[in-house]
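Reading through the structure tokens given below for one structure.
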Amino acid sequence: MLDIELCVQKVPKSVRIYYRHVNQGERDQIAEMQVAGENYHATIPADYTNTKYPIEYYFELKKGPESATLYPSFNPELTN
């Protein structure tokens, strides 16, 4: 299993983690992160981490029902 922790300065309404194997043939898995103060926690299951492919992940921080941002976000050229 892989434990992930995200530390934030401004506490959002909710945080999701999106993750998948880096083989371009899979859709993202999505999990709600659990809040503990200014930190958010999630665990990627052990059976999912037992792979030859690396795992990539990013976060969706929701400020409200119509306001969300990705972290890490894209640069102005959308090349990262």
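Could you derive backbone 3J(HN,Hα) for the stretch 65-70 from the dihedral phi with the Karplus parameters 6.51, -1.76 and 1.60 (θ = phi - 60°), listing whole Hz in sequence and x where the residue is Gly or Pro?
Result, rounded to whole Hz: x, 10, 9, 9, 9, 9.
Quick one: order THR51, THR79 by neighbouring beta-carbon count within 10 Å, fewest to most. Show your work: numbers first, answer last.
Working: THR51 11, THR79 6.
Lowest count first: THR79, THR51.
With a ≥ b ≥ c the root eigenvalues of the C-alpha gyration tensor of the chain, is it rounded (a/c under 1.5), prolate (a/b larger than b/c) or oblate?
oblate
Which is the longest run of the chain containing none of the GluC sites (Glu not before Pro) found in DSSP loop states (not H, G, I, E, B) with at most 16 other C-beta atoms within 10 Å?
Details: sites that count: GLU26, GLU38, GLU66, GLU77.
Here the longest run is 39-65.
Do you know the relative contact order of the stretch 1-65, to the nearest whole percent, from alpha carbon pairs under 8 angstrom that are 6+ apart?
Numbers: 113 pairs, mean separation 31.1, N = 65.
Over the stretch 1-65, the number comes to 48 percent.
Sort LYS62, LYS10 by Cβ crowding within 10 Å, fewest neighbours at the top. Don't skip to the answer; put the middle values down first.
Numbers: LYS62 14, LYS10 7.
By the 10 Å Cβ count, ascending: LYS10, LYS62.
Based on the Cβ-Cβ distance from GLN9 to GLU32, what FRET efficiency comes out when R0 is 22 Å, to the nearest 0.05? Walk me through the intermediate numbers first.
Working: r = 20 Å, r/R0 = 0.93.
In this case the efficiency is close to 0.60.
Using the Cα centre of the chain as origin and beta-carbon charges of +1 (Lys, Arg) and -1 (Asp, Glu), tell me which of PRO76, TYR48, CYS7 is placed farthest towards the positive end of the dipole.
PRO76
Note down the magnitude of the dipole of the chain about its Cα centre, charges +1 on Lys and Arg C-beta and -1 on Asp and Glu C-beta and zero elsewhere, to the nearest 20 debye. Working shown, then result.
Working: 8 positive and 11 negative charges, 31 e Å.
Approximately 160 debye in magnitude.
With Cβ to Cβ distances under 14 Å as the rule, what net charge do the other residues near GLY64 carry (K, R +1; D, E -1)? Intermediate values should be presented prior to the final figure.
Working: positive: LYS10, LYS13, LYS62, LYS63; negative: GLU60, GLU66.
Local charge sum for GLY64: +2.
DSSP loop chymotrypsin sites (Phe, Trp or Tyr not before Pro) in the stretch 43-75 with at most 11 other Cβ atoms within 10 Å of their Cβ, which ones? Could you put the intermediate results ahead of the total?
Values: sites: TYR48, TYR57, TYR58, PHE59, PHE74; in loops: PHE74.
For chymotrypsin sites (Phe, Trp or Tyr not before Pro) across the stretch 43-75 that sit outside H, G, I, E and B with at most 11 neighbouring Cβ atoms in 10 Å, the list reads PHE74.
Read the figures in this text as sums done on the coordinates, not as results from a lab. Computed from a predicted model, the values in this text were never measured in an experiment. We place every Cβ from the backbone using ideal geometry, glycine too, and count neighbours over all the protein chains shown.
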